[in-house]
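Report on the structure given below.
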Amino acid sequence: MRRWPPICTGRASCSLRQQARNRSANLDLLWPLLDVTTTLDPNLIAAYHFGGMFLSDSPPRGAGQPQQGIKLLERGIRANPEHWRFFQDLDLSITLTCEIIQRRQRLFWKEARSPAR
């Protein structure tokens with residue numbers, strides 16, 4: 001009977017932690033790459049759609065850079081006004097961003113009113 005090696009050894013878990021730490025550094029380069037890509041090819045619909053949504057979404061599902069995501073989707077609308085889905089994506093990005101801000105405000109006020117302060 002063949003024995004499989006353990007899924008995560010000490011060295012592997014250390015490597016995973018290091019990759020998780022480096023993930024934010026790698027995502028910081030995403031906006032400049034999308035900027036160059038869409039500047040060179042303004043009709044690249046996938047770059048606007050997926051890039052804008054991924055930039056706007058909060059971690060760990062996205063990059064957590066909603067301002068850049070919204071900026072990219074607005075640029076997509078200017079370059080491709082006939083592509084109606086950008087309007088939907090922009091609306092969703094703004095809604096998610098506002099929802100996150102409202103959640104943070106509620107949490108802040110809850111904390112400010114807590115008797116532990």
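The values are calculated or read from the model by the stated rules, or taken from the named source; none is laboratory data. Since the structure is predicted, the reported quantities are computational estimates derived from the model, not experimental observations. Cβ coordinates were reconstructed from backbone atoms using ideal geometry, including for glycine residues, and neighbour counts include every protein chain displayed.
General observations
- Extreme residue, farthest from L33 (Cα to Cα), among residues of region 76-95 that are of a type outside the set (S, T, Y) and either in contact (Cβ under 8 Å) with a residue 60 or more places away in the chain or in contact with a Gly (Cβ under 9 Å, 6 or more places away or on another chain) (or both): H83
- All positions within region 64-99 that are of a type in the set (G, A, S) and at pLDDT 90 or above: G69, G76, A79
- Filtered residues of region 59-96 (kept if in a loop (DSSP other than H, G, I, E, B) and surrounded by 14 or more Cβ atoms within 10 Å (Cβ to Cβ)): G62, A63, G64, Q65, N80, H83
- Residue within region 102-114 that is in a helix (DSSP H, G or I), among the polar types (S, T, N, Q) and at pLDDT below 90 present: yes
- Long-range neighbours under 8 Å by Cβ, at least six apart or interchain, first residue acidic (D, E) and surrounded by 10 or more Cβ atoms within 10 Å (Cβ to Cβ) within region 106-117, second in a loop (DSSP other than H, G, I, E, B) and modelled with pLDDT under 75: E111/R117
- Every residue from region 49-58 that is touching a residue at least 12 places away in the same chain (Cβ under 8 Å) and either in a helix (DSSP H, G or I) or closer than 17 Å to V36 by Cα (or both): H49, G51, G52, M53, F54, L55, S56
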